[in-house]
1. Under the definition of partner shielding as Cβ atoms of other protein chains within 10 Å of a residue Cβ, what is the mean value for peptide B:206-218?
2. Using the per-residue mean of other Cβ atoms lying within 10 Å as a proxy for protection, in what order, highest first, do the peptides A:34-40, B:345-351, A:151-157 fall?
3. Round to the nearest 0.05 the FRET efficiency obtained for B:Asp283 and B:Ser215 when R0 = 22 Å and r is the Cβ-Cβ distance.
4. Going through the cross-link list A:Lys58/A:Lys104; A:Lys13/B:Lys109; A:Lys13/B:Lys126; A:Lys40/A:Lys105; A:Lys13/B:Lys108, which pairs have a Cα-Cα distance over 29 Å in this structure?
5. Determine the shielding of peptide B:296-307 by partner chains: average, over its residues, the number of Cβ atoms on other chains within 10 angstrom of each Cβ.
6. Calculate the mean, over all residues of peptide B:60-71, of how many other protein chain Cβ atoms lie within 10 angstrom of the residue's Cβ.
7. Output ³J(HN,Hα) for the range A:280-290: one whole-Hz value per residue in order, computed from phi by the Karplus curve 6.51 cos²θ - 1.76 cosθ + 1.60 with θ = phi - 60°, and x for Gly and Pro.
8. Note down the nm distance, to one decimal, between modelled labels 7 Å out along Cα→Cβ at B:Phe265 and at A:Arg55.
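Values in this text are rule-based calculations from the coordinates and carry no lab data. Treat the numbers as computed from the prediction; the structure is a model and nothing was measured. Neighbour counts run over all protein chains shown; Cβ positions are idealised from the backbone, glycine included.
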Amino acid sequence: MTSEAEGTAKTPKTRPVLVMWVVITAAFVVFNSIYWPAHKYQQDRDPERYQEHARALKDAGQTDAAIACLRAGIDERHPPYAEPLELLSAWIDAQGGAADSDYKKRAALYEALESAPESRAKQVAEALDAMPDAIVLPGAAAPGIAQLAVNLGISFGTANEFAALPFTRQWMLLKYLYGDVSMDGRIGKTGVVSPVDLLVQSAGGEESKQTTHFFVAGQGFANNRRGLCAIFVDAKSGQLIGSGVFDIWASEDEAGRMVQALAKAPQGCIGVFAVHDEASENMTDALEKALGGFGLAPRAIVGRRPMLYGTRYAFAAIGVKGSAPGAAMQTWMPEHVDVHRGHPVACIVLRAERPKP
Amino acid sequence: MNRHPSLLYLIVGFGSFGLTLVLVPVFRAIARKLDIVDRPSDPRKVHKRIIPYLGGVPFYFGFLAFVLFIEWYAPQYSQPTFYPMCVVGTIIVLMGLFDDICDMSSLKKLIIELALGVLLYYWGFKTTAIAHPLGGMWHVGWLAVFITPFWIAGVTNAVNFADGLDGLAAGLVFICALSFFAIAHRTNQIAVCLLMLFLMGSTLGFLQYNFHPASVFMGDAGALFLGFILGSATLVQQQKGIAVIALAVPMIVLAIPFIDTVLSFQRRLQRAREGRFFIGDRDHLHHRLLDLGLSQTQVVLALYYVSACMSMLAYILSVVPPRYSFLILVLAAMAILFGVLVLRFIESLAKRTAPEK
């Protein structure tokens, strides 16, 4: 109970005020001396701050660790801008090693995409022309490639220009900017070779106004319902054997429903997954475990625990039921593009033996 | 992915309870030593003995410990807004201590609180929308720079005004925090759950010393700090990237202190012509109930009961679909109006019977 004693003024007492103020200030100073080192320690381990952490390691003279940190961050988060890619290439070059050409090409493409809108398409075309060695897709075009290239273009305001590109150029865009690509039919490290072409695209947050796209053996499917969308494909015949959309943002019941659907899928079948907008809010341990059964692995570290945090924004994966966690193809993009969180990512599996064009 | 960390909840709840239980006697002794006590000289005061202040300072120490603990033990639940809360909380405690020892006018306190609210707005509490009680949002844009400070100062002062009887403010904050916890738990707002558990633990620990007959008062330092934490906690968690002020639920939960504040403001306006706007009076809700012949414990328990009922209404409001929200709001408004009318009726009845005696 306080006095709230305006009007009955107390006798000013300077000493107690000073004593208590010193006590409070001292406590706050002590708090800061503990808080900031702890905060910096946690921030250095925040996956979103991998660039700062890598730079700090470089400044401390630990170049190998800095390169490893930057490479891990780039591979994890697929940053849709040139800066970290250029930095990584430069550090590798400075060390006297051969810079990974894929990083350099991605850096060149993103640099072109960061140019002024009126010259963006031209710059991208020039960047693509400067890397002719990348055309290694034999045989006929896989249905869906053009659609995915257009979807990628929507994020950068170059949909029409990307649509007008020749197939080989569209393919290069997807290869370098879009995520995980297999060109021999193998699905990650599962040991399974897909009998059909599989393409899956997740478009990021709802505000990107794009849908989730699947192409199985040339047949296209689109989904614009929020949640984690799954398609099951027979690993021998390539036939579609089931599908579903599970709104894991809305409730844990949906997560439970997905666990049941994953359990029902036959052993050895291919699971193709993509997030539309958000599918992490009500993710349960059971669902994480069930997805792990398809070879998906926890990616982002949150606190001290690895979690499938990637099922938010743009997230796509292709796995096989019964494979070990980490064996699946999996890609995630949480970064901002044109103020939208996450630009589209895709997992693409193309058969090595292709029909003649 | 927001699975509730039950162990962390237990640690925070019991930890803050235990810390307050240990620290309050320490600060009670310091208050006696420094002669920071409340003497029953003002007619508005209900107690008859000298009671030491500083019982609320442990809330501040507990909060610093809470922030450090989260940063160290569970950084994934730490919020960027926690540190600004520590800084502003420190200034509020310093101001409250000055008021407890030397007195400070309400005008000066209000100006400082609003200035701190503006500081908070620019330091991470950037609300841009108010949740519509009937569903949807009002985007307030730049007006938020005014709304945020007034909201925080309003809640802060509401708790301070309620601090007029033994155990009243602490108990009301406990009930409010409990209902906020239930609502935040349902909507997976873990940071808010943690803050509410801290408030629940601290107030429950404090009530061991402050429930009638109180051996220590929290003082303005404690009441303002509790109100500030409660007010700012409603702005901590964001909804899909947008910080939203959900006005309806907190206003129902805090109905008792808010009604008292509004009625007090109305009386002050009436006194403003005599130049006594910032002078306190003995017409707060609890004073009026005491004047009706209720004992201090009865008044406190009655206000607890009303607050608990309002909290349940607030919880129902958060659960029902938006189309039914209107009914709940009408029900709450009718209950409040009925309560005020009954109080006035009983008061007038008591006045009429008094001369006969």
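1. Numbers: counts 0, 0, 0, 0, 1, 0, 1, 0, 1, 0, 1, 3, 2.
Counting other chains' Cβ atoms within 10 Å and averaging over B:206-218 gives 1.
2. Working: A:34-40: 14.7, B:345-351: 11.6, A:151-157: 21.7.
Per-residue mean Cβ counts within 10 Å order the peptides as A:151-157, A:34-40, B:345-351.
3. 0.20
4. A:Lys13/B:Lys126; A:Lys40/A:Lys105
5. That average works out to 0.
6. The per-residue average across the peptide is 3.
7. The phi angles translate into 10, 4, 10, 4, 10, 4, 4, 6, 4, 5, 5 Hz.
8. 4.6 nm
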